[in-house]
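Since the structure comes first, as structure tokens, the remarks are kept for the end.
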Amino acid sequence: MIVRDRPHGLALFFVMRGSVLPSILPALAVNVLFAVVVTVLHGVFLDHKIEVTTAPFSLIGLALAIFLGFRNSAAYDRYWEGRKLWGEMVHASRSWARGVMCYLHSGDAPDGPRRRPMVMAVAAMAHALRHQLRGTDAREDLVRCLGEETVARVMERRNVPAALLQQAGQGLGDWLRSGRLDPQLVTTMEARLAELTACAAGCERIASTPIPFAYTLLLHRTAYIYCFLLPFGLVDTLHGLTPLVVGLVAYTFFGLDALGDEIEDPFGTQLNHLPLDALCVTIETSLREALGETDLPAPPQPERYVLT
Amino acid sequence: MIVRDRPHGLALFFVMRGSVLPSILPALAVNVLFAVVVTVLHGVFLDHKIEVTTAPFSLIGLALAIFLGFRNSAAYDRYWEGRKLWGEMVHASRSWARGVMCYLHSGDAPDGPRRRPMVMAVAAMAHALRHQLRGTDAREDLVRCLGEETVARVMERRNVPAALLQQAGQGLGDWLRSGRLDPQLVTTMEARLAELTACAAGCERIASTPIPFAYTLLLHRTAYIYCFLLPFGLVDTLHGLTPLVVGLVAYTFFGLDALGDEIEDPFGTQLNHLPLDALCVTIETSLREALGETDLPAPPQPERYVLT
Amino acid sequence: MIVRDRPHGLALFFVMRGSVLPSILPALAVNVLFAVVVTVLHGVFLDHKIEVTTAPFSLIGLALAIFLGFRNSAAYDRYWEGRKLWGEMVHASRSWARGVMCYLHSGDAPDGPRRRPMVMAVAAMAHALRHQLRGTDAREDLVRCLGEETVARVMERRNVPAALLQQAGQGLGDWLRSGRLDPQLVTTMEARLAELTACAAGCERIASTPIPFAYTLLLHRTAYIYCFLLPFGLVDTLHGLTPLVVGLVAYTFFGLDALGDEIEDPFGTQLNHLPLDALCVTIETSLREALGETDLPAPPQPERYVLT
Amino acid sequence: MIVRDRPHGLALFFVMRGSVLPSILPALAVNVLFAVVVTVLHGVFLDHKIEVTTAPFSLIGLALAIFLGFRNSAAYDRYWEGRKLWGEMVHASRSWARGVMCYLHSGDAPDGPRRRPMVMAVAAMAHALRHQLRGTDAREDLVRCLGEETVARVMERRNVPAALLQQAGQGLGDWLRSGRLDPQLVTTMEARLAELTACAAGCERIASTPIPFAYTLLLHRTAYIYCFLLPFGLVDTLHGLTPLVVGLVAYTFFGLDALGDEIEDPFGTQLNHLPLDALCVTIETSLREALGETDLPAPPQPERYVLT
Amino acid sequence: MIVRDRPHGLALFFVMRGSVLPSILPALAVNVLFAVVVTVLHGVFLDHKIEVTTAPFSLIGLALAIFLGFRNSAAYDRYWEGRKLWGEMVHASRSWARGVMCYLHSGDAPDGPRRRPMVMAVAAMAHALRHQLRGTDAREDLVRCLGEETVARVMERRNVPAALLQQAGQGLGDWLRSGRLDPQLVTTMEARLAELTACAAGCERIASTPIPFAYTLLLHRTAYIYCFLLPFGLVDTLHGLTPLVVGLVAYTFFGLDALGDEIEDPFGTQLNHLPLDALCVTIETSLREALGETDLPAPPQPERYVLT
């Protein structure tokens, strides 16, 4: 995620970091080059003048506006839903920690060693989900939270976050059966685990189900045809300015399209993606603070305007 | 569901799999052919020049934009709601399994044989719902999950998913009366069954209630009239390019319309429909993993870019 | 509700059932006739040429697009919310039945006769709500579900669905006091009754609160003025085609408007309204199936494409 | 709230009740008068012809469409959310009454006198909220529901609805401590009170937080500039029809704007506001019917098409 | 937040307080000045006439409309979600107070001193969240609510609101273990704490996750290019009026853009931000009133139309 103030004035035009420009540069260059050729030839190919009035542009433009507007909203909704799901993980884990720390009856056995793994299981679950979504290796983070032994057992499972939540549930069941936790409060705590299960499934849903491919195809095709026909429609009235205007229009259309592609699956590591690393640090910090620990991880800081 | 990266450059124009082009080809061909005829005749039929300016197109286009935009959003919302309902089934079934595995009191009777059918009843319910939505035979999948005897009894009922959930409820009631499950945790587990009931009813709702037919009718009629009037409006300024432009406009409008038709009822087996087979495998895998089983089904893989 | 496949090709233009055409025919005929008169007179009334350029149409069209788009979404949202509320009634009643059938402790008294009226009270509530929304007489359906005596007592109340749910609550209270139902499960069952209460109040809300009248008025006025000014704006360029184009534009605008009027209050018996009869059969069937009955009502079938 | 069928044909143009016309008449008159002056002078002021083409109108129109569409949706969403909150109060109070009437254990003390004040406290809360939102005096309605003594004590509090709900909670606590209500059912009943608390806070939120003032300002300014520039843009092509068309455009824009102003805060007593009086009668009737009373208030009837 | 009636007539044009004009004045001035230069030179730079027709404006305008409409909705949704979260804090804290005051069993120890800190912990949490969001010092407000000693302990924690809620949870746990609060009611009260936890996390989410930077960049760039090209497109038809029209168009586009920037993060202290001070006073007043206190803070009043 890009974290920076909005640049002002001319500076605006020289910002590259976080811009979609790099990813659309090839298509844009081809498009502008083509416009230059059309301008130089005055739209005449093989002794044949290709004359396109502005009429087709407003007609295709209508469909294009619907596509772009729709896809844009759909992609941003997915981005924001992804962020909400991680926000729910933040508060579900804080409420989970409060439950573990506050509502136990004092039992015969000393309860110190038992509470920490229960709380940290949720931190581990957040790390595991992040690594699963990004296809990276969770081992290091999990070991820091839970220790080698537990991690070895858990990582045999295909769905590691679910395994960690089941382990937490097993702990609740032990407390229930030993009378350390009233059944009413087990239901409350289990509700937290169910919320975390729902967050994980929600993230899987967004990551595994793209916007229907046929939309993407229709949109790309229409945008490309539109922008490559454009020089023919403009050359007779704009003359030498044609490539400039074509470049501007193509920049906005290709840019909007590429941005949709980027934030549609917001859990990756591209510049405009969600800062899952930082969110996991927030969750782990909250949980360890609830345990009363004081050697907390440093708050995440953006590096060159980017929070990963 | 089509699962593939976005093709780049010219490749974009030759992708057929997942495109709506095949389903709109007949109407598109007729439309373009008609445009060719109009172009050849210069818009003169029976010695009478049919002259249509661009004015009607912007007027009808206004209504058309409202229709297309509305229908497009409504159809996608149904698609996405369908996906959300199946996502809820994923996490409700995981939480159900956690409940069965973690919160029972140890009773006198050995509890091994009882837990598995309780967990697998939910896997069977997912399969049954999928087959009900697609009108296929659920027997094979159900027998694999629950065994012949149970399935024979359950399939006498008209609504098989509801019957399976009622059977799971009966099991909860038995555990309640034998004291193996605290009533508080019965309420938690019953809440899971209620969620699954709601998911099934939500899917039935989407499958049985189309977007009001009058919308579909208005939209089709307006789009057809628009595209068949178009050659008359363009022939005087675009001359020989008329069929090309008419084809492009008709491709986007008919394509958007056909795509809406396809994803409006997203539970079928067309290319852009939801991958219910894969989702059922996910659910069954999660449940069997929660039971501690290790001979899990293979993760679903797309075949020629398609996940069913 | 119209249930039919989308007609193809020319058949599209001859479908009447489910179309809004019949309800807008008078206004449409007057509008086209007026366009014919304007065309014949070439826009000259009383020796005075009424000349309207296309400018006003794009200006008023802007406001009109906002109105139509807004009203269209608002009306469809009400339609779809109505459908969702009835979908919630379907699953709330199924979960209610599961509760009654599964979680009772066996008491001293034989429990056969008590369960059926408790389950069927919810079926009766659905029928009562449907009849209340449509202003028809609920007696016959209620008697079939609950018997003469109960119905006579309940129908003295002004709000019959609420009375039926209160009666079901009274039954829960009896089971609570006799120890046949744990208080935890009473809360679960009462949650079902609260959901049904909310569904009923939601339907009352939609039925009793139209879209603010001032919107309807502004929209009608703008649409009428727009369509009746239209011939003056088109006659100089389209000549003899004017009435045709005016008819097409008016058909889409009046049609969209009339459709909004129709589905704004979706609980009636017009062609595009919700099939409350079929939904009540679904609910009653589910409940009787949960009771183990086998002489179930026939599944509702559309008649001449219409499900009521 | 206006309750009337949609007028047809010419009658449409003479409806005043519920129209926004009266509130925009002054601005509209000034605008049309100005257009007449411009038309008479042919756009020439001080020997200087003010020539405005249609270009600025489509440019400013773009921004205006965004403003109007946005504000319109935002205002209607507030209206409809207000209605939903009151709908929730209807069903929360019905479920509250069911709870009071059904789930008490019979205690030693006769329970007749205790139930009624508990049920009616919620009716009083609805009345108190309505009077608070409208800035009127609640005393009369409260005394009818709860009697002089209770009301005197409650009205010392600044937030009367909250005080009434706290009193109801106190009653629940008494029943809890005397064993007349199981703690599980106290949680269910308290959930009803929490819903009512949320409804009250939601209404306060809508009433106290307008759409950001800067939007209103931008919208008003743009709409006024647009409509007062319009005669200059139209006079050269429409001549004598200019004031008529300006009037039509201004009517729709000012009307949409004024309507937004009206329904943005929907709890007042203007014609298109929500019928809080009628809703309170509905709530009180439901509660008294649940108590078994039969001398119920008359159902609210619209007076000259208006329900207050 | 600006709280004032809508000004009428000409007064409308002289309102500065709450307008976005001041923040866009520099860019606007540069733009208009540039338009003046273009007008004076008749678009001729270095003997070269720069001729731009209106075509590019409608093409870029299409993309611009999508950007502005999207960003506007997204920013307002964040504003309104922020307001909803604080509205939830209002009612969650009222329900929390009702729980503390109504559902305790009388214990051996006098309970006076214990209830107040439990209730006021939530008031302190609201103050702490406000100060955290605004980056100000919470000490003074916290000390007034909880006293020096508690505050010193709590403020050692990094996340003060979470620490305060954990402390409240500890109090609940004490009451649970001493039998003063039934476990069922502990779950109800803990649900309130979970709601408050969710509100705090929601506010953190909005404050820490801006709309993706690439959108902001694309929008700014497109709007600037559009407005600086505009004089070339208008000068040939509008002549001397060009700077005026450019100023109007730029005012609406830059204004909409700046307004989005302002309300995107609604928790600050700019004029159109949410009145968190007033909301905290409301929460504290409600809680102290529930405790029976009568020396309540004065209701917040806007100062020069602004509520902070």
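Computed from the coordinates by the stated procedures, all read-outs in this text should not be read as laboratory data. Predicted model only: the values in this text are computed from it and were never measured. Note that each Cβ is placed from the backbone with ideal geometry, even for glycine, and that neighbours are counted across all protein chains shown.
Under a plain spin-label model, where a point goes 7 Å from the Cα along Cα-to-Cβ, how far apart in nm are A:E148 and B:R4?
Here the answer is 4.8 nm between the modelled labels.
What is the mean number of Cβ atoms from other protein chains located within 10 Å of the Cβ atom of each residue in peptide A:263-272, rounded to a whole number?
The shielding value for this peptide is 1.
Mind pulling the angle between the C-alpha long axis of helix D:112-134 and the longest principal axis of chain D? Nearest 10 degrees, somewhere in 0 to 90.
Tilt relative to chain D: about 20 degrees.
For label points placed 7 Å from Cα toward Cβ, what is the shortest-first list of nm distances from A:G292 to its copies?
3.5, 3.5, 5.7, 5.7
Can you list, shortest first and in nm, the gaps between the label point of C:G147 and those of its counterparts in the other copies, using a point 7 Å from Cα in the C-beta direction?
Nearest to farthest, the other copies are at 4.0, 4.0, 6.4, 6.4 nm.
Take peptide C:216-223, look around each residue's Cβ out to 10 angstrom, count Cβ atoms belonging to other protein chains, and average those counts. Don't skip to the answer; put the middle values down first.
On the way: counts 6, 14, 8, 1, 6, 9, 6, 0.
Across C:216-223, the average partner-chain Cβ count within 10 Å equals 6.
Suppose every K and R has +1 on its Cβ and every D and E has -1 on its Cβ; what is the size of the dipole of chain C about the Cα centre, in Debye to the nearest 20?
220 debye
If R0 is 41 Å, what FRET efficiency do you get for D:A11 and E:R17 from their C-beta distance, rounded to 0.05?
0.35
If you put a point 7 Å past Cα along the Cβ direction, how far is that point for E:R6 from the same point in each other copy, in nm, smallest first?
For E:R6, the other copies' label points sit at 2.5, 2.5, 4.1, 4.1 nm, shortest first.
List the relative contact order of chain E as a percent without decimals, with contacts defined as Cα pairs under 8 Å and 6+ residues apart.
Working: 322 pairs, mean separation 114.7, N = 308.
In percent, rounded to a whole number, it is 37.
Among D:H91, A:T39, D:G43, whose Cα lies farthest out toward the positive end of the dipole of the protein assembly as shown, if unit charges sit on the beta carbon of Lys, Arg (+1) and Asp, Glu (-1)?
About the Cα centre, the residue reaching furthest to the positive side is D:H91.
Kindly provide the trypsin sites (Lys or Arg not before Pro) of region A:34-83 that DSSP labels as loop, not H, G, I, E or B, and whose Cβ sees at most 12 other Cβ atoms within 10 Å.
Here no loop site has a sparse enough neighbourhood.
With everything on Cα atoms, drop me the angle between helix A:55-102 and the longest principal axis of chain A, reported from 0 to 90° to the nearest 10.
10 degrees
Dipole of the protein assembly as shown (Lys/Arg Cβ +1, Asp/Glu Cβ -1, origin at the Cα centre): which of A:L25, C:T222, D:A124 lies farthest to the positive side?
Of the options given, the answer is D:A124.
Let me know the mean shielding of E:95-106 by other chains, meaning the per-residue number of their Cβ atoms within 10 Å of its Cβ. Spell out each step's value before the answer.
Details: counts 13, 2, 4, 13, 5, 0, 4, 13, 10, 3, 3, 1.
Taking the mean over all residues of the peptide, I get 6.
State, as an integer percentage, the relative contact order of region B:1-154 based on alpha-carbon contacts under 8 Å between residues 6 or more apart. Provide the component values of the computation, followed by the final result.
Values: 38 pairs, mean separation 16.6, N = 154.
Relative contact order for region B:1-154 comes out at 11 percent.
Enumerate the calculated ³J(HN,Hα) couplings along region A:140-150 in order (Karplus 6.51 cos²θ - 1.76 cosθ + 1.60, θ = phi - 60°), each rounded to whole Hz, writing x wherever the residue is Gly or Pro.
4, 5, 5, 4, 4, 7, 10, x, 4, 4, 4
Using a simple charge model, +1 on the beta-carbon of Lys and Arg, -1 on the beta-carbon of Asp and Glu, nothing else, what dipole does region D:1-135 show about its Cα centre, in debye to the nearest 20? The partial results should precede the final answer.
Working: 15 positive and 8 negative charges, 128 e Å.
Dipole of region D:1-135, to the nearest 20 debye: 620 debye.
For a quick check: sort B:H8, D:H105, C:H131 by the number of other beta carbons within 10 angstrom, fewest at the front.
Final ranking by Cβ density, sparse to dense: B:H8, D:H105, C:H131.
In angstroms, what radius of gyration and Dmax does the protein assembly as shown have, counting Cα atoms only?
Rg and Dmax of the protein assembly as shown, Cα atoms, are 33.5, 106 Å.
Using the Cα centre of the protein assembly as shown as origin and beta-carbon charges of +1 (Lys, Arg) and -1 (Asp, Glu), tell me which of C:F14, D:P183, A:M101 is placed farthest towards the positive end of the dipole.
Going by the Cα projections, it comes out as D:P183.
Might you report the magnitude of the Cβ-based charge dipole of region A:130-205 about its Cα centre, with Lys and Arg at +1 and Asp and Glu at -1, to the nearest 20 debye?
140 debye
Output the 0 to 90 degree angle, nearest 10, between the alpha-carbon long axis of helix B:183-208 and the longest principal axis computed from the alpha carbons of chain B.
20 degrees
Where along chain B is the Cβ that lies nearest the axis linking it to chain A, and how many Å separate them?
Residue with the nearest Cβ, plus whole-Å distance, for chain B: B:Q184, 5.
When a footprinting reagent is the concern and you count Cβ atoms within 10 Å, what order do B:W86, D:W175 take, fewest first?
Going from least to most buried by this count: D:W175, B:W86.
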